[in-house]
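Asker: The structure follows.
Please treat every number below as a calculation from the coordinates, not as lab data. Here the structure is a predicted model, which means the values were calculated and not measured. With ideal geometry, Cβ positions are generated from the backbone for all residues, glycine too; neighbour counts draw on all protein chains shown.
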């Protein structure tokens, strides 16, 4: 009887310990990365007041920005202003045409900003009709330009925009682009909203190509909105993180697991001053 009592007592202690451990784990934050924002979020503000906009970004606790120097300002000047506020620029953008024509210049500008990544967010094509030929041309151009960027110490990332999810073979043209670009020279930035809007599954794509995704745009799509392959949707369909149709918590959990380290909130609504703080609060509320 004494042995049975000791055994039961031991089981209770073990159960209590497991319960406490689980409680502690649930209390740990899921999102453990620097807060980042895509400069396009403040597209209505930067042209009017660069310093004031950066002050606003800093006040939100954001320490990373994806973007480049606003019009009328050099990369050196913009970097200096960001540095003064403790904001780094891990990633910057370039147009497709610029990347193809002047990859060395793109790399040089990125290095001036202190960026390790350059992203392109649009492949030229007839709207609503992204074709295999468009994808093949992009693959060829990305491999060539990506090699030049790599040789200059910068990683190229293609940012998906939804139209690439045109069915092709056993998958989509997005699969074709990922599978036919050289992993040494071409990586990817997932835009969560556009992936969802185009009919893709963000979590499944992250798991399918775990070594190719390096950056992420955190952006949620309004519930009830049906997507298409145009790569465009009205601003009001962009909502604060965690309030839309994307399983955003699972997206972040999976992205963290595969090693993505830079996340940029991108709010394309016209309520960014209201929505961005809400998105940040939601991110901070997530627990493991």
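Asker: Measure out, as a whole number of angstrom, how far apart the alpha-carbon centroids of segment 154-191 and segment 99-124 sit.
Answerer: With segment 154-191 and segment 99-124 each reduced to a Cα centre, they are spaced 17 Å.
Asker: Can you give the convex hull volume per residue for the Cα atoms of segment 233-288, as a whole number of Å³?
Answerer: Normalising the Cα hull of segment 233-288 by residue number yields 89 Å³.
Asker: Could you work out how far the C-alpha centroid of segment 131-151 sits from that of segment 211-288, in angstrom?
Answerer: 27
Asker: Which whole-number percentage describes the relative contact order of the chain, with Cα contacts under 8 Å and a sequence gap of 6 or more?
Answerer: Answer for the chain is 19 percent.
Asker: Given contacts defined as C-alpha pairs under 8 Å and at least six residues apart, what's the relative contact order of segment 152-208, whole-number percent?
Answerer: In percent, rounded to a whole number, it is 44.
Asker: I'd like to compare 257-263, 97-103, 116-122, 187-193: which one has the highest average count of other Cβ atoms within 10 Å, and what's the full order after that?
Answerer: Ranked by mean Cβ neighbours within 10 Å, highest first: 187-193, 116-122, 97-103, 257-263.
Asker: Given the options 32, 195, 230, which has the most mean-square fluctuation in a GNM of the chain, springs set between C-alpha atoms less than 10 angstrom apart?
Answerer: Looking only at 32, 195, 230, the largest GNM fluctuation is found for 32.
Asker: How big is segment 56-120 along each principal axis, measuring the range of its Cα positions in Å and listing the largest first?
Answerer: Each principal axis gives a Cα extent; for segment 56-120 these are 38, 19, 18 Å.
Asker: Next question. Nearest 500 deg cm²/dmol is fine: what mean residue ellipticity at 222 nm does the chain get from its DSSP H runs of n ≥ 4 alone, each adding -39,500 (n - 2.57), divided by its residue count?
Answerer: Calculated mean residue ellipticity at 222 nm is -13500 deg cm²/dmol.
Asker: Report the full-extension gain for the segment residue 30 to residue 204: residue separation times 0.36 nm, less the Cα-Cα distance, to one decimal in nm.
Answerer: 60.7 nm
Asker: Per 5 Å bin from zero, what fraction in whole % of the C-alpha pairs of the chain is there, up to the bin with the longest pair?
Answerer: So the P(r) values, bin by bin, are 1, 5, 11, 15, 17, 16, 13, 8, 4, 2, 2, 2, 2, 1, 1, 0, 0.
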